[in-house]
1. Quick one: which strands (runs of 3 or more DSSP E) sit completely within segment 153-226 and have at least 2 residues that are open to solvent by 40 Å² or more (accessible area, probe 1.4 Å)?
2. Could you grab the pairs with beta carbons closer than 6 Å, sequence gap of 6+ or different chains, first residue in segment 227-245 and over 16 Å from PRO206 (Cβ atoms) and among the β-branched types (Val, Ile, Thr), second one assigned to a helix (DSSP H, G or I) and open to solvent by 20 Å² or more (accessible area, probe 1.4 Å)?
3. Restricting attention to segment 54-99, report how many residues are open to solvent by less than 50 Å² (accessible area, probe 1.4 Å) and at pLDDT below 70.
4. Just checking, does segment 200-209 include any residue being under 20 Å from the mean Cα position of the chain (by Cα) and modelled with pLDDT under 85?
5. Can you name every residue in segment 1-30 that is crowded, with 18+ Cβ neighbours inside 10 Å and without any contact (Cβ under 8 Å) to a residue 40 or more places away in the chain?
6. Mind checking whether some residue in segment 102-119 is at pLDDT below 80, under 24 Å from THR192 (Cβ atoms), open to solvent by 60 Å² or more (accessible area, probe 1.4 Å) and among the aliphatic types (A, V, I, L, M)?
7. Going by the conditions given, is GLN257 outside any strand (DSSP E or B), within 19 Å of the chain's Cα centre (by Cα) and exposed (fewer than 15 other Cβ atoms within 10 Å of the Cβ)?
Amino acid sequence: MAQLQWTVPGYGGKTYLVGLYHGEDSGHLMVHCNNKVMLVDFGVKASKDYSFFLDEELFEVKIIEQKNGTYSYEMVHNEEIDSPHNRRREESKKSDRRSIFAGIGLVVFIGIIFAFLHFRAPAHEATLLAGLAEGRGVDTQVSIFQKQNRWYANYRVDNEVEEIVLPQLGDRSPLGFPLAVGDQFSARYAPTDTDLVFIDWHNLVPAQLERYFQLTMAVHAELHPEISSRQVLCQLQLALALEGAAGLAKFYRQDQQNQSEYNRDAYLRLVRGEEFKRRVKECL
């Protein structure tokens, strides 16, 4: 497993410790900041970029696949976008550079000491999260909502309601469907750490499946006016039977040309597969 950690100076003397865990065999990935999970992805076995904000600043973590099957990792501060910090950075070029370097050196030194003292906490959290992804933990459902332009999820633990902030998702779920306030998903939380929760985006509850199904029917019918509504329904039912929610997502994103695993190429591989071609004849 690859384990890396970066120290990032923040506002007002704050220090962010950003760490990365990547299982080179499983591909499971976790990025955490100050012992809190920021994003999780599974099966990452190719080059991929992730972005997130610390305070008001955009950072990017890059996973780069090497020719020998190993990976290298980079964390980059995006200094091109217009942000408060970048504006201050341009103004500070006229200030005493020696003072800046001394301050950064102090922050880095403190960060190294802090990382040494707290190194084990993220590893324990990663172990718990991997267990939740494998099916351990307590089953629950999360309901998502927005607050100050961030997505949150709440879920019930016994008679209490827990609330967590979700990783930077943009406006879409990992399947590529648009997020909406009130969406619900299956999840599991750790009984020993109830604010650690794994959301199973692929295991859709009936109401969520119905919403995604209706969205996909509208897209598929619009892109294929030559087929009847009965054929649209039949083909989506077949995609769902063969690949579950992932099959539905490939139909919904069939006109997209991007690096997501749910795009036109993925859709074509599905509909050109032998099993789909054999069974789709029942839709005629």
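1. Once the strands (runs of 3 or more DSSP E) in segment 153-226 are filtered for at least 2 residues that are open to solvent by 40 Å² or more (accessible area, probe 1.4 Å), what remains is 160-165, 193-200.
2. VAL232/MET217; VAL232/ALA221
3. Within segment 54-99, residues that are open to solvent by less than 50 Å² (accessible area, probe 1.4 Å) and at pLDDT below 70 number 4.
4. No; the residues of segment 200-209 include none that is under 20 Å from the mean Cα position of the chain (by Cα) and modelled with pLDDT under 85.
5. LEU29
6. yes
7. No: the conditions fail for GLN257.
The values are calculated or read from the model by the stated rules, or taken from the named source; none is laboratory data. Only a predicted model underlies this, so the values are computations on that prediction, with no experimental measurement involved. Note that each Cβ is placed from the backbone with ideal geometry, even for glycine, and that neighbours are counted across all protein chains shown. To get the accessible areas, we keep the full protein, side chains included, count just its heavy atoms, and leave off ligands, DNA and RNA. Shrake-Rupley method; radii C 1.70, N 1.55, O 1.52, S 1.80 Å.
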